[in-house]
Every structure is written in C-alpha cells, then in structure tokens.
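Participant: This is the structure I have questions about; it appears just below.
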Amino acid sequence: MTEFRKDPENESGATILSNRSDEIGVASRELAVMQQELRTALKQKTRLAALGAAVAKINHDLRNSLATAVLVSDRLANIDDPEVKRVTPRLYDSINRAVILCGQTLTFVGDGSPEMKPTLFHLHELVAEVGAALRSTDLAALGLEQPRVLDWQNKVDFELDLEADRQQLFRVFSNLGQNAYQAGASEVRISADAVGDDIGIDIADNGPGLAREAVDQLYKPFSGSLRDGGTGLGLVIARDIMHAHNGEIILLETGKSGTTFRLNVPRRVAE
Ligand SMILES: Nc1ncnc2c1ncn2[C@@H]1O[C@H](COP(=O)(O)OP(=O)(O)OP(=O)(O)O)[C@@H](O)[C@H]1O
Ligand SMILES: [Mg+2]
C-alpha cells in the first residue's frame with residue numbers, strides 16, 4: 001500500500017493476491033482491484049491531457065484559417081451571380097459554425113508539448129516566409145480594422161542556418177508577429193546572433209508595450225489575453241515549442257516605445 005501511494009502508476013508494484021479467507025484476505029483482494037482500476041483511470045487521464053493539448057493547438061491555427069475563409073466568403077457575397085448568391089450564405093454559415101466550434105473546444109482543453117520534426121534550414125528564409133504570410137493574411141483575420149502597412153524587417157544573416165522543427169518555429173514567429181501587429185505596432189524587426197552553440201533571436205516591435213496584467217499572466221493558457229477574440233494561447237504555444245527545442249522565450253523588454261521577445265535556441269538538435 002505504501003509503495004502504491006508513492007507511485008500509483010508503476011505497474012511493477014502490483015499487489016500479490018492473497019488466498020486468505022479472513023478479513024485481511026478480502027481487504028487485500030479488494031485493494032488489488034482498486035489499484036488496477038486507479039491505474040487504468042490515471043493512464044486514461046494522461047492520454048486525454050495529451051489529446052486536449054493537441055486539440056488546443058490545432059484549434060488555434062484553424063481559427064486563423066477560418067477567419068480568412070469568412071473574409072473571402074464576405075467578398076463572394078458581393079459578386080452579382082445568382083449561383084454564387086445562392087451558395088454563399090450556406091458557405092458562410094458552415095464556416096461560422098466551425099469558428100464557434102473551435103472557440104468552444106478551446107475552452108475545454110489544456111496544453112502540452114509538441115512532437116519534433118527537425119530539419120536544417122536558413123533562418124533568413126523562414127523569417128521571410130513568415131513576413132510574407134503575415135502580409136498576405138487579410139487584416140481582418142488579424143483583427144485589424146484599419147488598413148495598415150506592416151513593416152517586417154528581416155535582419156537575419158543569409159548564411160545563418162539552424163536545425164530545428166521549421167514548421168513549429170514558423171508558428172512561433174507568426175504568433176509573435178501577429179501579437180505585435182494586433183497590439184498596434186507598424187514595424188517588427190527580427191535579428192539573430194549565433195553565440196557559441198546557441199542562436200539568440202530578437203523580435204522587436206514599435207507597439208505600445210504589454211499591459212501590466214498581460215505581463216502578470218504571461219504564458220498562462222487562456223488567461224493571458226487582453227484582446228477581444230484572443231484566446232491567450234499564442235505565447236503559451238510559442239513557449240512550448242521553444243521548450244521542445246531545449247530553448248527558451250524571454251520577454252526581454254516592454255514599454256511605451258515597443259516590445260522585444262528573445263528566443264534562445266540550440267543551433268543543432270542534440271543527438
Ligand atoms: N508585442 C506585443 N505588444 C503588446 N502586447 C502584447 C504583445 N504580445 C503579446 N501581448 C499581450 O499579451 C497577451 C497574450 O498574448 P497571446 O498571444 O498569448 O494571446 P492572444 O494574442 O491574446 O490570443 P491568441 O491565442 O489568439 O494568440 C495579448 O492579449 C496582448 O495583450
Ligand atoms: Mg496572440
């Protein structure tokens with residue numbers, strides 16, 4: 001019983017079934033059944049937590065894609081063709097349902113750590129791709145009403161290569177870039193330096209800085225958001241990805257003249 005209490009998920013600590021016919025025998029057999037049931041429940045809970053984390057992340061990105069789809073279907077509604085006019089409301093409704101579903105699911109699930117698929121690539125190219133994606137993302141999908149020039153200054157050396165999960169790092173840059181523009185920045189500057197075996201990457205914006213409440217709740221799933229329609233997952237996801245790379249994300253500085261986040265990441269994946 002003592003061993004079980006210390007490590008209930010450890011299968012090797014199973015109780016030996018007693019043949020005794022007295023009360024102690026009954027108690028020990030009941031205990032064995034209870035232990036087995038508890039272990040199964042614990043395993044299920046672990047799996048559910050992992051599943052929840054995956055759903056939260058898929059949802060986060062899916063919502064952005066859906067917001068773009070809503071915008072496109074809005075434009076379709078203006079086309080003067082009877083067939084288009086007939087199908088657009090249905091398209092619009094089903095996208096809206098998906099958006100609501102994503103929002104609801106998000107409120108139910110937590111977070112976890114992502115699976116890594118590292119490759120060798122040039123950081124400059126990745127940063128450029130994120131910039132292009134952010135620029136081509138319709139402003140409404142970013143929650144920006146007024147058309148605004150988004151100046152994405154890629155100062156990363158062309159030669160600087162990195163072994164990491166490219167797609168996951170794309171999400172980190174994209175989440176940080178979105179946050180900056182959503183906060184009101186017009187300019188985001190990305191620079192990187194190799195320091196020994198690590199790379200330090202700075203993402204600096206000229207926005208108004210993080211509110212005090214946002215700093216207090218930084219990296220807390222679902223609680224960090226001060227934005228309308230924000231889920232408060234962007235930075236949590238970014239930090240999870242950095243941790244999966246044995247790296248870190250740090251809020252280097254924030255104030256009236258802007259915010260800088262620093263990513264520290266090993267240049268090569270450890271064998
Ligand atoms: N560069 C920034 N400048 C100013 N405020 C920021 C910046 N980055 C983050 N914030 C603040 O931190 C909060 C948390 O950001 P986070 O990306 O985690 O969530 P979110 O953007 O609100 O929602 P989402 O899950 O859609 O990304 C934001 O709501 C915002 O208030
Ligand atoms: Mg965000």
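Participant: Within the stretch 254-271, take every residue that is of a type outside the set (Val, Ile, Thr) and part of a loop (DSSP other than H, G, I, E, B) and give me the one that is farthest from ligand 1 (Cβ to nearest atom).
Facilitator: 271
Participant: While we're on this one: Among the residues that make up the stretch 212-219, is at least one of them assigned to a helix (DSSP H, G or I), more than 13 Å from ligand 1 (Cβ to nearest atom) and under 23 Å from residue 189 (Cβ atoms)?
Facilitator: The answer is no; no qualifying residue exists.
Participant: Working carefully through the options 241, 199, 203, find the one that is away from ligand 1 (no atom under 12 Å from the Cβ), buried (at least 17 other Cβ atoms within 10 Å of the Cβ) and under 17 Å from residue 260 (Cα atoms).
Facilitator: 199
Participant: Something else about it: Being of a type in the set (D, E, K, R), away from ligand 2 (no atom under 16 Å from the Cβ), under 23 Å from residue 61 (Cβ atoms) and at pLDDT below 90 is the requirement here; does residue 145 meet it? Working first, answer last.
Facilitator: On the way: of a type in the set (D, E, K, R): yes; away from ligand 2 (no atom under 16 Å from the Cβ): yes; under 23 Å from residue 61 (Cβ atoms): yes; at pLDDT below 90: yes.
Yes, satisfied.
Participant: Filter the stretch 154-189 for residues that are assigned to a loop (DSSP other than H, G, I, E, B) and under 18 Å from residue 253 (Cα atoms); which is farthest from ligand 2 (Cβ to nearest atom)?
Facilitator: Here the answer is 186.
Participant: With the requirement that a residue be assigned to a helix (DSSP H, G or I) and either over 35 Å from the mean Cα position of the chain (by Cα) or exposed (fewer than 11 other Cβ atoms within 10 Å of the Cβ) (or both), what does the stretch 76-96 give you?
Facilitator: Matches in the stretch 76-96: 82, 83, 84, 85, 86, 90.
Participant: Just to be sure, is residue 199 at pLDDT below 85, touching an Asp or Glu at 6+ places or on another chain (Cβ under 9 Å) and closer than 16 Å to residue 264 by Cα? Before the answer, list the steps.
Facilitator: Working: at pLDDT below 85: no; touching an Asp or Glu at 6+ places or on another chain (Cβ under 9 Å): yes; closer than 16 Å to residue 264 by Cα: yes.
Taking the combined requirement at face value, the residue does not satisfy it.
Participant: Just to verify a result, which residue in the stretch 220-234, among those that are over 16 Å from the mean Cα position of the chain (by Cα) and near ligand 1 (Cβ under 8 Å from one of its atoms), is farthest from residue 150 (Cα to Cα)?
Facilitator: 226
Participant: Quickly run through the stretch 190-206 and pick out the residues that are under 17 Å from residue 249 (Cβ atoms) and not acidic (Asp, Glu).
Facilitator: 190, 191, 192, 195, 199, 200, 201, 203, 204
Participant: Between a residue in the stretch 216-237 that is more than 18 Å from residue 59 (Cβ to Cβ) and any residue that is more than 10 Å from ligand 2 (Cβ to nearest atom) and hydrophobic (A, V, I, L, M, F, W, C), which pairs come within a Cβ distance under 8 Å, given they are 6 or more apart or on different chains?
Facilitator: So the pair list comes out as 218/210; 218/251; 226/211; 226/214.
Participant: Let me ask another. Residue 251: assigned to a loop (DSSP other than H, G, I, E, B), of a type outside the set (Ser, Thr, Tyr) and surrounded by 14 or more Cβ atoms within 10 Å (Cβ to Cβ), yes or no?
Facilitator: no
The values are calculated or read from the model by the stated rules, or taken from the named source; none is laboratory data. Given the structure is predicted, the values throughout are model-derived calculations rather than measurements. Positions of Cβ are generated from backbone atoms using ideal geometry, with glycine treated the same way; all protein chains shown enter the neighbour counts.
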